[in-house]
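K.L.:
The structure follows.
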């Protein structure tokens with residue numbers, strides 16, 4: 001059976017699988033599949049789940065917030081900020097949802113802090129302006 005390599009890259013490092021026979025992912029246009037010998041392609045993977053099967057027939061699931069897939073020279077490279085990999089798709093979907101909730105919380109906190117800094121700067125500028133500092 002023909003196979004190809006799959007390389008997963010994220011902020012934590014790299015994982016490589018050398019005996020992949022099938023990859024199924026999804027982009028903005030819908031689901032697609034890749035087999036060995038596929039033509040060169042690039043796709044922007046959407047939030048969600050992709051999967052791949054090795055030559056033994058084991059399916060592994062890949063949950064990611066988004067990513068870039070490139071297939072060239074019989075190798076898929078998927079690059080993402082973060083991904084979760086496993087054979088239990090429900091568990092990795094839960095991990096992705098929890099990670100995205102954490103990121104959303106951190107973004108919300110950062111925006112609140114920036115808003116407070118901005119309000120403080122505006123207040124300080126108003127104080128300086130009312131004291132007659134013409135250069136401001």
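K.L.:
Name the residue, out of 13, 57, 67, whose mean-square fluctuation peaks in a Gaussian network model built on the chain with Cα pairs under 10 Å.
P.N.:
Largest GNM mean-square fluctuation: 13.
K.L.:
Once you order the gyration tensor axes a ≥ b ≥ c over the Cα atoms, which shape class does segment 33-79 get: rounded for a/c under 1.5, otherwise prolate or oblate by comparing a/b with b/c?
P.N.:
oblate
K.L.:
Relative contact order of the chain: what whole-number percent is it, with Cα pairs under 8 angstrom and at least 6 residues apart? Please list the in-between numbers first.
P.N.:
On the way: 237 pairs, mean separation 26.4, N = 136.
So the answer I get is 19 percent.
K.L.:
Now, a different point. Of the listed values (i) 39, 33, 20; (ii) 81, 31, 28; (iii) 86, 43, 27, identify the label whose number matches Cα extents along the principal axes in Å calculated from this model.
P.N.:
Identified label for the calculated read-out: (ii).
The numbers here are math on the coordinates, done by the rules we state, and not lab data. If you're wondering where the values come from, they're calculated on a predicted model, not measured in any experiment.
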